[in-house]
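Down below is the structure, laid out as structure tokens.
Taken together, the values in this text are just the output of simple stated rules run on the coordinates, not laboratory data. Just so it is clear, the model here is predicted, and its values are computed rather than measured. Cβ placement follows ideal geometry from the backbone for every residue including glycine, while neighbour counts extend to all protein chains displayed.
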Amino acid sequence: MKASAFKTVYWKEVVENLRDKRTMLSSVIMGSIMGPLLMVGLMNMTVKMQKDKSEKPLELPVVAMEHAQALETFLLAQGVEIKTIDKSPEQVIKDKDHDVVLVIDAGFSDAMAEGKPAKVMLYYDDSAKGAAKVTVRRARALINAYSKGIGNMRLQLRGVSPSLLKAVYIEDHDLSTKASRGAMLLSFLPYFLIIGLFAGSMYLAIDTTAGEKERKSMEPLFLNPVARSSILAGKLAATVSFGLLTLVLTVLAFKLTLPWYPFEKLGMSFDLNVTSMLLMFLVLAPLALLAGSIQTIIAAFAKTFREAQTYVGLLIMVPMIPSMMLMFLPVKEKLWMMAIPILNQNLIINQMIRGEVVGWDAIAVTFASTMVLGLALAWVAVQLYNREKMLFSD
Amino acid sequence: MISVQSISKSFGEVEAVKNVSLEAADGQITALLGANGAGKTTSMRMIYALIKPATGTVMIDGIDSVKDPIAARARMGVLPDARGLYTRLTARENIEYFGRLQGMTDADISRRIDEMVERLGMEKFIDRKTDGFSQGQRVKVALARCLVHDPQNILLDEPTNGLDVMSTRGVREFLRDEKAKGKCILFSSHVMQEVSAVCDDIVVIDAGVIRSRGSESELLAETGRTNLEDAFVHLVTGGQL
């Protein structure tokens with residue numbers, strides 16, 4: 001049976017790279033599984049630490065507790081473990097011995113007796129990570145509660161209702177749903193999906209171009225009586241296939257690790273059904289073509305495998321930009337944004353994990369815009385080797 | 001039959017090949033003899049239609065290789081200077097890959113591989129992955145790979161470069177067999193003894209220009225020397241030595 005050049009090249013590249021354990025491990029497997037696993041681990045750790053900090057008895061180092069005995073009684077009644085420190089409060093925070101230190105002012109009891117605001121000082125590091133902030137918040141809440149209790153008592157003694165102090169009160173209506181709270185924690189997902197896809201095709205993009213040139217098999221290959229463009233098209237198709245394979249594995253890995261995410265503990269819910277998974281794949285699939293083509297173009301200009309690895313590796317930073325941006329900046333989705341590849345995939349997947357219905361117009365624009373750009377770049381990649389100087393590494 | 005009419009090629013400022021013309025007839029082994037950097041590889045690359053000549057024409061069995069490089073390539077089997085194999089594939093798979101790209105059927109490919117295995121003595125390693133092959137084994141596989149479609153014209157760029165005596169003899173013997181079958185063989189070399197041992201017709205190239213051509217005895221007569229090396233030196237130094 002005769003096979004077309006495209007098919008011949010495609011299957012040769014696929015078989016050859018499937019045999020390479022390094023490709024499979026470093027790009028396909030790592031690219032797809034690392035992200036979801038990393039996130040499960042991190043999320044569980046964060047939740048556990050926050051839970052520990054908020055449920056365990058608060059350990060509060062206090063300096064000069066003797067100035068405020070009533071406060072001490074209050075704190076003890078609230079189950080606080082009062083500690084003493086042998087360093088300065090600044091040093092304690094700097095050395096991370098404790099998250100917060102309470103210092104009672106020397107004039108505390110006098111001010112208290114005179115009915116003036118009595119001063120205490122809280123030492124903490126506002127730039128510290130989440131779990132430390134929980135401790136600071138708890139300490140602050142305790143002092144405020146004590147202050148409020150004393151204040152109310154004073155007013156009542158004078159025959160004034162404490163509610164007079166509350167001219168306005170706020171009734172909270174939090175409209176976040178369980179799914180949207182889950183989405184906040186899952187905003188990394190589009191990032192991992194896209195990175196996985198880039199990582200999956202990277203190795204082949206390099207191996208089939210710069211690698212082939214370095215191994216000196218490029219020239220003999222091009223001496224066969226077939227158009228260079230069909231050889232390149234076969235190579236590119238193999239590259240894109242590996243990107244798609246990694247994408248499928250990432251989505252599956254994410255689905256399979258879902259039971260280990262601490263959604264319930266956080267009062268959140270999230271589910272990924274088959275339709276959503278297919279939709280994710282549909283939206284991201286044209287990006288595999290785009291990624292494979294750009295990587296092939298870049299790798300084609302490199303003379304050696306290592307050189308190509310450096311350039312193509314840097315490329316992975318690009319999809320980070322919209323992902324990172326959207327993690328910190330809330331953006332209202334507009335249809336024109338769906339015409340920008342990578343940004344559009346980020347937006348749509350974020351919408352999906354928030355449990356919102358994604359409009360078919362947005363999906364269509366995303367698919368079409370990514371596909372058009374992908375095809376244009378693929379065309380460039382396929383034509384590249386018609387230039388003579390691309391053929392030789394010397 | 002390869003017919004080259006005044007081809008030239010420059011890379012930037014450097015004129016690598018200037019007005020080179022040559023003919024390689026069927027049933028003969030023609031050598032393109034020149035020192036390193038004389039323009040052998042560039043000439044060969046233009047002849048086997050990898051790069052386009054700036055001027056001139058190359059005809060392969062009457063097909064213009066500039067106008068129709070794909071048809072011309074189908075008439076040629078080329079062992080270029082670059083002869084990397086795919087190390088994750090077996091020797092057989094390497095050859096099969098090129099066979100399919102030549103448009104051969106699987107049955108034809110397997111028949112031709114059997115023939116090449118026997119003629120080049122590749123029985124021991126044909127089904128092994130080519131990673132770690134010796135230089136001699138690699139050249140044999142590369143040769144079988146580029147000749148899998150049994151082409152009429154065989155072009156080789158420094159075919160025995162880096163080979164030991166036994167492998168060199170194997171390659172020479174193979175080329176003589178092909179010549180006996182009426183094939184047109186053109187190879188480039190800088191090794192005098194080799195050219196002397198196998199070639200019927202010698203084209204001497206230096207600094208991108210053809211200095212002389214003829215059989216070994218004709219070149220010796222022209223220069224008045226007694227061996228090819230002296231004749232070659234005489235030709236490329238413009239008669240100073």
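General remarks:
- In this entry, A:LEU71 passes the filter for residues that are more than 30 Å from A:PRO262 (Cβ to Cβ) and either of a type in the set (S, T, N, Q) or in contact (Cβ under 8 Å) with a residue 40 or more places away in the chain (or both).
- Unique match (being surrounded by fewer than 20 Cβ atoms within 10 Å (Cβ to Cβ) and within 14 Å of chain A (Cβ to nearest Cβ)) among B:GLY182, B:GLY224, B:GLY162, B:GLY214: B:GLY162
- Verdict on A:PRO162 being surrounded by 13 or more Cβ atoms within 10 Å (Cβ to Cβ) and of a type outside the set (A, V, I, L, M, F, W, C): yes
- In region B:50-97, residue farthest from the other protein chains (Cβ to nearest Cβ) [restricted to those that are aliphatic (A, V, I, L, M), in contact with a Leu (Cβ under 8 Å, 6 or more places away or on another chain) and not in a strand (DSSP E or B)]: B:ALA91
- Identity of the residue in region B:128-157, of a type in the set (Val, Ile, Thr) and under 19 Å from B:THR90 (Cα atoms), that ends up surrounded by the fewest Cβ atoms within 10 Å (Cβ to Cβ): B:THR130
- Residue within region A:114-132 that is in contact with a strand residue (DSSP E or B) (Cβ under 6 Å, 6 or more places away or on another chain) and not hydrophobic (A, V, I, L, M, F, W, C) present: yes
- Counted residues, region A:74-132 - those being part of a helix (DSSP H, G or I), touching a residue at least 40 places away in the same chain (Cβ under 8 Å) and over 31 Å from the mean Cα position of the chain (by Cα): 5
- Among the candidates A:LEU186, A:LEU204, the residue that is within 14 Å of chain B (Cβ to nearest Cβ) and within 32 Å of the chain's Cα centre (by Cα) is uniquely A:LEU204.
- Residue satisfying all of: in region A:219-237; at the interface with another protein chain (Cβ under 7 Å from one of its Cβ atoms) and touching a residue at least 12 places away in the same chain (Cβ under 8 Å); nearest to A:VAL380 (Cα to Cα) among these: A:ALA227
- Test: residue in region A:329-350 that is closer than 29 Å to A:LYS389 by Cβ, among the polar types (S, T, N, Q) and crowded, with 20+ Cβ neighbours inside 10 Å: no
- Listing of helices (runs of 4 or more DSSP H) fully contained in region A:183-288 that carry 1 or more residues being of a type in the set (Gly, Ala, Ser): A:189-206, A:228-257
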